[in-house]
Amino acid sequence: MFVGSSLIKLYAENACIDDARLLFDIMPNRDCVLWNVMIYGYLKNEDYINAIEVFLEMRKSGTKPNSVTFVSTLSVCATEGIIRLGTQLHGLSVIFGFETDPPVANTLVSVYSKCKHFIDARRVFETMPRTDVVLWNAIISGYVQNGMMEQALDLFNEMIDLGIKPDSVTFSSLLPSIAESTILELGKEAHGYIVRHGVPLDVFLKSALIDLYFKCKDVKMAKRTFEQTSLTDIVIYTGMISGYVLNGMNMDAVETFRKLMDEGKRPNSLTLASLLPACAGLASPRLGKEVHGFALKNGIESRCYVGSAILDMYAKCGRVNLAHNVFKNMSQRD
RNA sequence: AGCAUUCGAGGCG
């Protein structure tokens, strides 16, 4: 049985979710873990309908769910904002006695706060004998995603007062709302806290900091943060490119793209969509063509937003005929 | 013996 679940997991993690399902369907005695792996596999493949479907089938089969079952299925509700099912699952988790299991409670809070049911989120909070940082992060993130910076900051202060140490997830959740406010001083204060308390800098936090500084128009600090450590990945590079573009520094955006290519990083559709406006701004069809060619070669021009960025770029470079060709060849138009 | 929770980059308008 454990061989089966590992195999299904392997398939599901490598974009072979259908193969995972085939295997799952022929397994004779499916235990709880097997169902869980299938639910989670669909979740990771962004197939939320099937994830829920499998959960419902599991209930029908009479297999007893464990806490992981609730965590995975509740995650689907959090991601998709399905409050109705989330509430039902809350009820079920009480029945099965998982309500105060930390990961289950954390995910419940995540569901409620993402759906703006902050009172319910609080209620879960209060049933917990001990709260951990994940629980706080979950609710802070809910506030941030609903554009409620003040409340997020209040909660942040509250957790510190209670002696709970914010971690890198806390900050990578919180910083985007400060970035949106463009209040640089607030951002610097947060950054100061991070440095003073030695909050570990991972790629998530680093890219949040870079983004923050760019959005607050402090290009120097964005650049310094980028260069200060060697931590990089394609998301951080893309953040640098879009940050430069935001600040009208198209040449720097292009240079950053060259650097990332030299380092052998793989740009994706978001990277190109960030870079193309720089080509348009520079009115450089030569550069734009190069990027277009790259997109074609790597099969990432079919993403609609890349197509429209290419189109816009050609139009702004005065190559209306090329723009027209791109439009005709776009596989999906909207 | 096998599964799980909170966080990151995007175009035109």
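Assorted remarks:
- Scanning segment A:249-266 for residues that are aliphatic (A, V, I, L, M) and either surrounded by fewer than 13 Cβ atoms within 10 Å (Cβ to Cβ) or under 19 Å from A:A222 (Cβ atoms) (or both) yields A:M249, A:M251, A:A253, A:V254, A:L260.
- Failed item, numbered, when A:L201 is tested on (1) under 24 Å from A:S242 (Cβ atoms); (2) in contact with a helix residue (DSSP H, G or I) (Cβ under 6 Å, 6 or more places away or on another chain): (2)
- Selected residue (criterion: farthest from RNA strand B (Cβ to nearest atom)) from residues of segment A:274-294 that are under 23 Å from the mean Cα position of the chain (by Cα) and among the hydrophobic types (A, V, I, L, M, F, W, C): A:L275
- Comparison of A:V291, A:V326 shows that the only residue that is assigned to a helix (DSSP H, G or I) and at pLDDT 90 or above is A:V291.
- Within the option set A:I178, A:I210, A:I140, A:I241, being over 30 Å from A:Y112 (Cα atoms), hydrophobic (A, V, I, L, M, F, W, C), in contact (Cβ under 8 Å) with a residue 12 or more places away in the chain and part of a helix (DSSP H, G or I) holds for one residue only, A:I241.
- Candidates in segment A:80-124 are the residues that are under 19 Å from A:S173 (Cβ atoms) and among the polar types (S, T, N, Q); of these, the one that is surrounded by the fewest Cβ atoms within 10 Å (Cβ to Cβ) is A:N106.
- Of the listed requirements (1) out of contact with any Ser or Thr (no Cβ under 7 Å at 6 or more places or on another chain); (2) in a helix (DSSP H, G or I); (3) within 13 Å of RNA strand B (Cβ to nearest atom); (4) of a type outside the set (K, R), A:P103 misses just one: (1).
- For segment A:1-19, the set of residues classified as under 15 Å from A:E46 (Cβ atoms) and either within 12 Å of RNA strand B (Cβ to nearest atom) or free of Cβ contacts under 8 Å to residues at least 12 places away in the same chain (or both) consists of A:A12, A:E13, A:N14, A:C16, A:D18, listed by residue number.
- Filter pass, A:K217 being more than 8 Å from RNA strand B (Cβ to nearest atom) and closer than 30 Å to A:N106 by Cα: no
- Criterion: outside any helix (DSSP H, G or I) and closer than 18 Å to A:Q88 by Cα - qualifying residue of A:K64, A:K60: A:K64
- Flag if A:L260 is over 23 Å from A:S177 (Cβ atoms) and part of a helix (DSSP H, G or I): yes
- A Cβ distance below 7 Å, combined with a sequence gap of six or more or placement on separate chains, defines the contacts here; from segment A:308-330, residues that are within 15 Å of A:A278 (Cα to Cα) reach residues that are among the polar types (S, T, N, Q) and assigned to a loop (DSSP other than H, G, I, E, B) in the pairs A:C317/A:S284.
- If you go through segment A:209-235 and keep only what is of a type outside the set (S, T, N, Q), surrounded by fewer than 21 Cβ atoms within 10 Å (Cβ to Cβ) and closer than 20 Å to A:L270 by Cβ, you end up with A:L231, A:D233, A:I234, A:V235.
The values are calculated or read from the model by the stated rules, or taken from the named source; none is laboratory data. Quick caveat: nothing in here was measured; it's all calculated off a predicted structure. Reconstructed Cβ throughout: ideal geometry from the backbone, glycine too, with neighbour counts over all protein chains shown.
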